[in-house]
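Undergrad: Take this structure, written in structure tokens, and hold onto it; I'll ask about it next.
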Amino acid sequence: MPLDDASSTGGVGAEGDDGADGADAFGSFADAVLAVVADIPAGRVATYGDVAAILGTRGARAVGRVMARSGGTVTWWRVIRAGGHPPSGHGAAARAQYEREGTPLLPADTEDGYRIDLAACRWRA
């Protein structure tokens with residue numbers, strides 16, 4: 001399920017030079033993002049910024065862009081927003097996955113009605 005959060009577009013690492021080299025750079029970055037996401041264990045989560053930091057960049061938005069384009073190929077629900085909130089527009093689908101995996105959740109006064117207990121389940125590579 002690719003994500004389509006408009007706030008996740010652009011950023012360091014996602015945009016390369018015009019032409020083939022830029023596309024190759026994005027492809028390599030995307031492959032690296034997806035590899036990190038695939039390593040996040042069940043019941044654990046990482047923020048977009050955490051994934052970027054693991055890759056040595058500050059490009060949280062670039063990670064979001066990769067997830068929007070290709071996230072359906074990995075456990076997309078394990079990459080969350082910095083406040084512990086699920087990916088925008090995917091709260092219900094993500095919650096089912098969190099409950100299945102035993103990811104700790106907290107009530108929140110948001111549209112989704114919950115957030116992930118980041119302090120309890122944040123994954124660090």
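The values are calculated or read from the model by the stated rules, or taken from the named source; none is laboratory data. The shown structure was predicted, so the numbers you read here are calculated from the model rather than taken from an experiment. Cβ coordinates were reconstructed from backbone atoms using ideal geometry, including for glycine residues, and neighbour counts include every protein chain displayed.
Undergrad: For the stretch 110-125, give me each residue that is touching a helix residue (DSSP H, G or I) at 6+ places or on another chain (Cβ under 6 Å) and modelled with pLDDT under 95.
TA: Just the residues of the stretch 110-125 that are touching a helix residue (DSSP H, G or I) at 6+ places or on another chain (Cβ under 6 Å), to begin with: 112, 125.
Scanning the stretch 110-125 gives a single hit, A125.
Undergrad: List pairs: first in the stretch 109-120 and closer than 13 Å to R81 by Cα, second among the hydrophobic types (A, V, I, L, M, F, W, C) and in a loop (DSSP other than H, G, I, E, B), Cβ under 9 Å, 6+ apart or cross-chain?
TA: Within 9 Å, the pairs are Y114/A108; R115/A108; L118/A82.
Undergrad: Being buried (at least 18 other Cβ atoms within 10 Å of the Cβ), β-branched (V, I, T) and more than 12 Å from the chain's Cα centre (by Cα) is true for just one of I80, I116. Which residue is that?
TA: Working: I80 fails: more than 12 Å from the chain's Cα centre (by Cα).
After ruling out the rest, the residue left standing is I116.
Undergrad: Could you check how many residues of the stretch 81-109 are at pLDDT 95 or above and polar (S, T, N, Q)?
TA: Residues in the stretch 81-109 being at pLDDT 95 or above and polar (S, T, N, Q): 2 in total.
Undergrad: Can G71 be described as modelled with pLDDT under 95, in a helix (DSSP H, G or I) and buried (at least 18 other Cβ atoms within 10 Å of the Cβ)? Can you show your working first?
TA: Details: modelled with pLDDT under 95: yes; in a helix (DSSP H, G or I): yes; buried (at least 18 other Cβ atoms within 10 Å of the Cβ): yes.
Considered against the rule, which asks whether it is modelled with pLDDT under 95, in a helix (DSSP H, G or I) and buried (at least 18 other Cβ atoms within 10 Å of the Cβ), G71 comes out as yes.
Undergrad: Hey, another quick one. If you go through the stretch 55-67, how many residues are outside any loop (DSSP other than H, G, I, E, B), more than 19 Å from I116 (Cβ to Cβ) and of a type in the set (A, V, I, L, M)? Break it down into steps so the answer makes sense when it comes.
TA: Filtering the stretch 55-67 down to residues outside any loop (DSSP other than H, G, I, E, B) leaves 60-67.
So of that shortlist, the ones also more than 19 Å from I116 (Cβ to Cβ) come out as 61-62, 65-66.
In the following step, the residues that additionally are of a type in the set (A, V, I, L, M) were identified as 62, 66.
Looking only at that region, the number is 2.
Undergrad: Here is a further query. When you scan the stretch 89-119, how many residues do you find that are outside any loop (DSSP other than H, G, I, E, B) and closer than 20 Å to I54 by Cβ? Quick ask: steps written out before the conclusion?
TA: Going through the stretch 89-119, the residues outside any loop (DSSP other than H, G, I, E, B) turn out to be 91-101, 105-107, 114-116, 118-119.
Imposing the further condition that a residue be closer than 20 Å to I54 by Cβ reduces the set to 116, 118-119.
Qualifying residue count for the region: 3.
Undergrad: Checking the condition aliphatic (A, V, I, L, M), touching a Gly at 6+ places or on another chain (Cβ under 7 Å) and buried (at least 17 other Cβ atoms within 10 Å of the Cβ), which residue from A94, A62, A46, A30 passes? Show your work before the answer.
TA: Working: A94 fails: touching a Gly at 6+ places or on another chain (Cβ under 7 Å); A46 fails: touching a Gly at 6+ places or on another chain (Cβ under 7 Å); A30 fails: touching a Gly at 6+ places or on another chain (Cβ under 7 Å).
Within the list A94, A62, A46, A30, the selection yields A62.
Undergrad: Next question. Please name all residue pairs, on different chains or six or more residues apart, with Cβ atoms under 6 Å, provided the first residue is in the stretch 84-101 and is within 13 Å of A42 (Cα to Cα) and the second residue is part of a loop (DSSP other than H, G, I, E, B).
TA: A94/P86; E101/A42; E101/G43
Undergrad: What is the number of the single condition among (1) in contact with a strand residue (DSSP E or B) (Cβ under 6 Å, 6 or more places away or on another chain); (2) of a type outside the set (S, T, Y); (3) buried (at least 19 other Cβ atoms within 10 Å of the Cβ) that A108 does not meet?
TA: Exception for A108: condition (3).
Undergrad: Does the stretch 23-44 include one or more residues that are more than 22 Å from L105 (Cβ to Cβ), of a type in the set (V, I, T) and modelled with pLDDT under 95?
TA: No; the residues of the stretch 23-44 include none that is more than 22 Å from L105 (Cβ to Cβ), of a type in the set (V, I, T) and modelled with pLDDT under 95.
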